[in-house]
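Read-outs throughout are calculated quantities, based only on the coordinates presented, and are distinct from any laboratory measurement. What you see is a predicted model, and the numbers here were worked out from it, not measured in a lab.
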Amino acid sequence: MNSAENIKAQFGERVRELRLSKDLSQEKLGALCGLDRTYISSIERGNRNVSLENIASIAAALDADLPHLFRGIRIGDNKDLLDAWKLTARELTTIVQENPSLRGFLLGYVAEHKVRDFLRRQPQVSRLRKPDDHDRRSGNKNDMIITYKGREYTFEVKSLQTNTIKFDNEKKVYRGRAQVDASDRRSVTFPDGSKLETTCLLAGQFDILALNLFQFREHWDFAFILNRDLPRSTYKKYTPYQQQHLLATTVRVTWPIRPPYTSDPVELLENLSETKAIKT
């Protein structure tokens with residue numbers, strides 16, 4: 001199987017996986033996308049080239065952002081991407097500029113790369129890995145796991161919602177929101193053993209959240225915050241106990257950064273390291 005066929009097969013498998021997780025038939029997904037059932041079927045079999053417009057429609061119908069839709073899909077070799085796809089840098093730039101949803105997709109992955117690159121340079125970080133999204137046995141869906149001073153810590157990386165960004169000209173402050181939830185509903189288990197179908201993430205499901213603030217100033221700034229300092233859900237249909245253990249689906253952030261956010265994740269890792277040392 002060549003690289004193009006491999007990517008199509010992986011993409012089809014991913015669409016099928018997300019469709020089934022939402023209990024949708026191919027016909028229902030097609031109706032939500034404005035596409036024929038047979039078109040959806042051919043995508044899932046890996047027999048169809050899919051336009052960016054239809055990819056965006058499928059992502060919206062599955063309530064999945066593009067990074068989540070493409071998560072785990074690999075090119076399959078070590079070729080330079082431009083060479084593999086027979087593109088010039090100018091052509092790729094034009095494609096990204098003409099497709100805002102694709103730009104958001106790429107920003108998400110570049111943000112993860114930037115955070116990993118920064119953490120790798122820290123002398124106390126001895127190991128960094130990205131969980132395999134296709135390994136269902138691990139149950140680990142974090143964006144990255146690092147070993148800091150001999151202990152493992154997990155990170156989630158999220159980006160700003162473009163339509164929430166505002167600039168306060170009087171105070172010279174950027175304001176915005178980031179979505180901090182799963183792309184699809186799934187069952188979560190609370191400490192007391194009870195379960196709930198939700199898109200909310202569990203408190204304590206990861207250690208540190210990294211918010212990508214590139215869209216404020218087109219500069220690679222990040223705001224880091226401990227999971228325990230994130231706001232909890234206030235959704236009225238959840239019980240007080242459930243609200244206590246579920247993170248809010250969106251969080252507010254500013255530039256310049258204000259507490260409890262920090263631009264230095266090592267400060268938070270030290271905090272976690274000291275807390276764990278006290279507990280042990």
Relative contact order of the chain: what whole-number percent is it, with Cα pairs under 8 angstrom and at least 6 residues apart? 13 percent
Using the Cα atoms as the points, what is the convex hull volume per residue of the chain in Å³? 172 Å³
Going down the table (K8/K130; K195/K237; K114/K149; K22/K158; K166/K236), which pairs top 25 Å between alpha carbons? K166/K236
Amide H partners (placed H, <5 Å) of D221, local residues excluded: L213, F214
